[in-house]
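Trainee: A single structure is presented below for examination.
Where a number appears in this text, it was derived from the coordinates with a stated rule and is not lab data. Quick caveat, the model's predicted, so the values are computed rather than measured. Here the Cβ is made from the backbone with ideal geometry for all residues, glycine too, and neighbour counts use every protein chain on show.
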Amino acid sequence: MNWMLALAAFFGMTGVMLGAFAAHGLKGRLDAAMLSAFQTGVQYQLWHALAVLLLVVLYRQQPQPLLSWAAMAMLTGILLFSGSLYLLALTGIKWFGPVTPMGGLCMILGWGLLLIAAFKGATH
């Protein structure tokens, strides 16, 4: 779980950096739609970095494999969802667009696994 904690911290740190980059370095360089896509990637990255941090804390209190799987799904979601939006906005290559929903599905899967873990934990 330490590597997940490290990745949560990394994604939190880089989320803030990328948000600042978008606000100060990309404004005026990207059209409004691409800047918005980039900022959406930042928002989802930051929220899911916090969620992974929470999952690590929960796992340390009540080790359930589902919590670990949820964190892995969310980390994968950050890479696919936010990463594809960053690449789409910065390169304009439309091929990255279809990757975004796969990342979103990974994020949804992570939240779903947390939901199942919560119900499993309530029965013990």
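Trainee: What is the spread of the Cα atoms of the chain along each of their three principal axes, largest first, in whole Å?
Mentor: For the chain, the Cα spread along each principal axis is 54, 26, 19 Å.
Trainee: What order, most packed first, do the peptides 32-41, 46-55 have when packing is the mean number of other Cβ atoms within 10 Å of each residue?
Mentor: Listed from highest to lowest mean packing, they are 46-55, 32-41.
Trainee: Something else about it: What are the residues whose amide H is under 5 Å from the amide H of L30, where those residues sit 5 or more places off or on another chain and H is modelled from the backbone?
Mentor: It is none; the list stays empty.
Trainee: Relative contact order of segment 20-124: what whole-number percent is it, with Cα pairs under 8 angstrom and at least 6 residues apart?
Mentor: About 29 percent, as a whole number.
Trainee: Compute the helix-to-body angle for 65-77: its Cα long axis versus the longest principal axis of the chain, expressed 0 to 90° and rounded to tens.
Mentor: Tilt of helix 65-77: around 0 degrees.
Trainee: To make sure I understand, if each residue's beta carbon is the centre and we count other beta carbons within 10 Å, what order do I78, I93 fall in, fewest to most?
Mentor: I93, I78
Trainee: Using R₀ = 22 Å, calculate the FRET efficiency as 1/(1 + (r/R₀)^6) where r is the Cβ-Cβ separation of T40 and K120; round to 0.05.
Mentor: On the way: r = 32 Å, r/R0 = 1.46.
Once the sixth-power term is evaluated, E becomes 0.10.
Trainee: When the helix-only estimate is applied to the chain (DSSP H runs of n ≥ 4, each -39,500 (n - 2.57), divided by the residue count), what is the mean residue ellipticity at 222 nm, nearest 500 deg cm²/dmol?
Mentor: For the chain, the value works out to -26500 deg cm²/dmol.
Trainee: Tell me, what HN-Hα J-couplings in whole Hz come from the Karplus equation 6.51 cos²θ - 1.76 cosθ + 1.60 at θ = phi - 60° for each residue of segment 98-115, using x for Gly and Pro?
Mentor: Working through the residues one at a time gives x, 6, 4, x, 5, x, x, 5, 5, 5, 4, 4, x, 5, x, 5, 5, 4 Hz.
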